[in-house]
Structure formats: structure tokens, C-alpha cells
Protein chains: 2
Amino acid sequence: MSVYDATVPAFMHTLTALSGLVNKAEAYCQTKGIQGEVLLSARLYPDMLPFSRQIQFACDFAAKSSARLAYFYLKATPNTEKSFDELRQRLAKTIDYLKTFKPAQFEGADEKDVTFPTGPSTHMTVKGQQFINRYAFPNFFFHAAIAHGILRHNGVDIGKRDFLGVA
Amino acid sequence: MSVYDATVPAFMHTLTALSGLVNKAEAYCQTKGIQGEVLLSARLYPDMLPFSRQIQFACDFAAKSSARLAYFYLKATPNTEKSFDELRQRLAKTIDYLKTFKPAQFEGADEKDVTFPTGPSTHMTVKGQQFINRYAFPNFFFHAAIAHGILRHNGVDIGKRDFLGVA
């Protein structure tokens with residue numbers, strides 16, 4: 001299994017599913033007469049990130065993790081999205097970015113060192129395999145699933161099938 | 001990257017992190033004088049599964065997905081856990097089960113057909129790679145992250161570092 005096959009298609013699949021969740025969140029707001037901002041800024045707890053930031057983080061972890069494995073440095077994407085439509089565009093742009101990668105760029109990346117930030121001024125270096133298993137996927141899926149949880153908690157009529165992209 | 005390396009260590013890492021979350025949930029109940037049952041049965045929404053079932057599902061997806069990739073049939077594990085300690089044991093047993101797998105058992109599994117249930121009477125067959133990317137990981141991490149979200153929503157003092165197993 002190539003490192004590319006083990007990572008990029010998984011990111012793309014779930015980012016596409018998140019775009020479907022954004023659609024259902026928007027439709028829910030329209031049906032119920034709720035301002036989009038209410039759901040976009042909804043949180044599971046006061047010191048957790050709101051829905052919009054969860055989507056932005058999922059995009060960032062997918063793009064930056066892929067870039068790190070292919071030895072690219074990816075500049076931070078500004079988190080400016082303020083509507084469901086802008087979040088959809090962010091997801092689509094991230095998927096387009098992932099489509100630019102070729103499997104050969106990831107060859108042997110599981111055995112090479114990957115250095116990544118663990119805080120504002122701290123870094124960690126691990127082998128690519130551990131980076132994927134312990135950092136890239138847990139972070140990516142964490143934000144994706146919490147985004148789903150926020151919508152569910154607010155009554156949006158979605159289920160795990162939406163998260164799996166088979167609804 | 002072997003199929004084993006792409007899957008089993010990731011499951012084990014996050015299951016271990018979940019065991020840490022169970023510890024913190026239990027400590028929170030003790031400190032606050034809350035009955036464990038309150039957190040064990042907490043949900044993000046009435047028709048979502050409670051914390052204990054999210055942990056059980058995470059265990060099942062890790063064990064059953066690995067078994068499927070290694071062409072084992074794994075019998076359903078009864079979901080009998082009714083305490084934090086029993087959940088910890090379930091997690092530990094699942095990790096012990098995953099430790100029994102050898103990389104050779106997964107060789108070529110990314111290109112072989114995997115058949116898995118999609119409902120009470122429906123099945124789907126896809127290549128192992130798609131099974132991992134679209135089904136095994138999204139399901140596993142979904143339940144793991146929602147378990148985390150339930151604890152956060154109920155005020156347990158944890159953060160993403162706990163989910164990543166680096167707290």
C-alpha cells in the first residue's frame with residue numbers, strides 16, 4: 001500500500017462528506033429560520049472551537065499533513081470563512097489541492113523523518129508512519145467528527161451515514 | 001507502507017488514548033460527586049449513542065476492521081460494560097487482540113476484496129484500500145472523537161492532547 005493510497009484518498013473522501021454536512025446544516029437553517037451564524041458559531045463547550053473552525057482545522061490537517069509527507073512546506077491558510085458557502089469553497093479548494101499530489105511524491109515517506117509543530121514554539125520529529133497514525137489521522141478525524149457532533153447536538157437531521165459519505 | 005503499519009498501530013494508539021479519557025472521566029465523577037452512570041449514559045443528542053456505546057463501537061471497529069483485513073471472522077463482542085473500569089478492560093482486551101496480528105497477515109489486503117455489513121441485511125464489497133479509507137478509519141475515529149466530545153460537553157477537563165495520547 002503506497003503512503004499516498006493510505007492517506008490522500010481518505011482525506012478527500014471525508015472532506016467531501018463534510019461538504020455534504022455543510023449542505024445539510026445550511027438547509028436546516030433555512031427550513032427552521034435560523035441565522036447561519038448560529039450554527040457556524042455553535043460549540044460543544046465554551047472553550048471548544050465552533051463548527052466553522054472545526055471545518056477549517058479539518059481542511060488544514062488534510063492539506064498540511066499531505067504536504068509534510070510530500071516534503072512541501074504549506075503556508076497557513078487564513079481562516080476567513082463566514083458562511084456555509086465559504087466553508088464549502090474552503091473544502092473544495094482543499095480537495096483540489098490534494099488532487100495535485102502524485103503517489104510518487106510520497107514514496108518512502110513512512111520511513112522518513114517528519115517534523116511538525118506541536119505548539120506555538122515546539123516541534124516534534126517522528127517517522128512518517130507514526131506521523132500518519134498518531135498525528136495526521138487523529139487530528140483530521142477529530143475535527144471532522146466534532147463538526148458532525150456539533151450539528152447533531154443542534155438538531156440537524158444527519159447520521160453517521162452522512163459522515164461516511166454514503167447518505 | 002504495509003497495510004498492517006497503515007492500520008493496526010493507529011487503532012492501538014487511539015484506543016490507548018481512549019483509556020486515558022476513561023480515567024479522566026472517572027476522576028471527574030469522583031471529584032464532583034457525580035454517579036459514573038451519568039457520564040457513561042451521556043449523549044450529544046437523544047438519538048445518538050451514549051459515551052459507553054461510543055467506546056464499545058470504537059473497540060469493535062478497530063478489532064473487526066483489522067480482522068476483516070486479515071481475513072478472520074470475528075464474532076460480535078457483547079456490549080455488557082457498565083462501569084469505567086469495565087470500559088477500560090474492554091479497551092485493554094481490544095488492544096491485546098490487535099497485538100495478536102502479524103504484518104504478514106495483511107499482505108496485499110489493500111488490493112483484495114473486503115466484504116462488510118452496511119446494515120442489518122445489507123453488505124458491501126470494496127477493495128481493502130477503500131475499506132480502510134472510507135469505512136474502517138472514518139467509523140473508528142468517529143466513535144472515538146464523539147466519545148471525547150461527550151466528555152467535553154459535560155465539562156470533563158480534557159483537550160485534544162488527551163485524544164492524541166500526548167497529554
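Do the conditions hold for A:L15, that is, is it within 14 Å of chain B (Cβ to nearest Cβ), at pLDDT 95 or above and touching a helix residue (DSSP H, G or I) at 6+ places or on another chain (Cβ under 6 Å)?
Values: within 14 Å of chain B (Cβ to nearest Cβ): yes; at pLDDT 95 or above: yes; touching a helix residue (DSSP H, G or I) at 6+ places or on another chain (Cβ under 6 Å): yes.
Considered against the rule, which asks whether it is within 14 Å of chain B (Cβ to nearest Cβ), at pLDDT 95 or above and touching a helix residue (DSSP H, G or I) at 6+ places or on another chain (Cβ under 6 Å), A:L15 comes out as yes.
Examine segment B:23-33 for a residue that is open to solvent by less than 70 Å² (accessible area, probe 1.4 Å), modelled with pLDDT of 95 or more and under 14 Å from the mean Cα position of the chain (by Cα), and state whether such a residue exists.
No, the conditions are met nowhere in segment B:23-33.
So which residues in segment B:117-142 are surrounded by fewer than 15 Cβ atoms within 10 Å (Cβ to Cβ) and either β-branched (V, I, T) or touching a helix residue (DSSP H, G or I) at 6+ places or on another chain (Cβ under 9 Å) (or both)?
Within segment B:117-142, B:T118, B:T122, B:T125 meet the criteria.
Working carefully through the options B:P50, B:P46, B:P78, B:P103, find the one that is within 25 Å of A:F142 (Cβ to Cβ) and open to solvent by 60 Å² or more (accessible area, probe 1.4 Å).
Values: B:P50 fails: open to solvent by 60 Å² or more (accessible area, probe 1.4 Å); B:P78 fails: within 25 Å of A:F142 (Cβ to Cβ); B:P103 fails: within 25 Å of A:F142 (Cβ to Cβ).
Going through B:P50, B:P46, B:P78, B:P103 in turn, just one is within 25 Å of A:F142 (Cβ to Cβ) and open to solvent by 60 Å² or more (accessible area, probe 1.4 Å): B:P46.
Can you name every residue in segment B:83-139 that is of a type in the set (K, R), assigned to a helix (DSSP H, G or I) and under 16 Å from B:Y4 (Cβ atoms)? Spell out how you get there, then give the answer.
Looking only at segment B:83-139, we keep the residues that are of a type in the set (K, R), and these are B:88, B:90, B:93, B:99, B:102, B:112, B:127, B:134.
Narrowing further to those that are assigned to a helix (DSSP H, G or I): B:88, B:90, B:93, B:99, B:134.
The answer is B:K99, and nothing else.
The values are calculated or read from the model by the stated rules, or taken from the named source; none is laboratory data. Nothing here was measured: the structure is a model prediction, and the numbers come from that model. Counting neighbours? That spans all protein chains shown, and the Cβs are built from the backbone with ideal geometry, glycine included. With ligands, DNA and RNA removed, areas are computed over all heavy atoms of the protein, side chains included. Shrake-Rupley method; radii C 1.70, N 1.55, O 1.52, S 1.80 Å.
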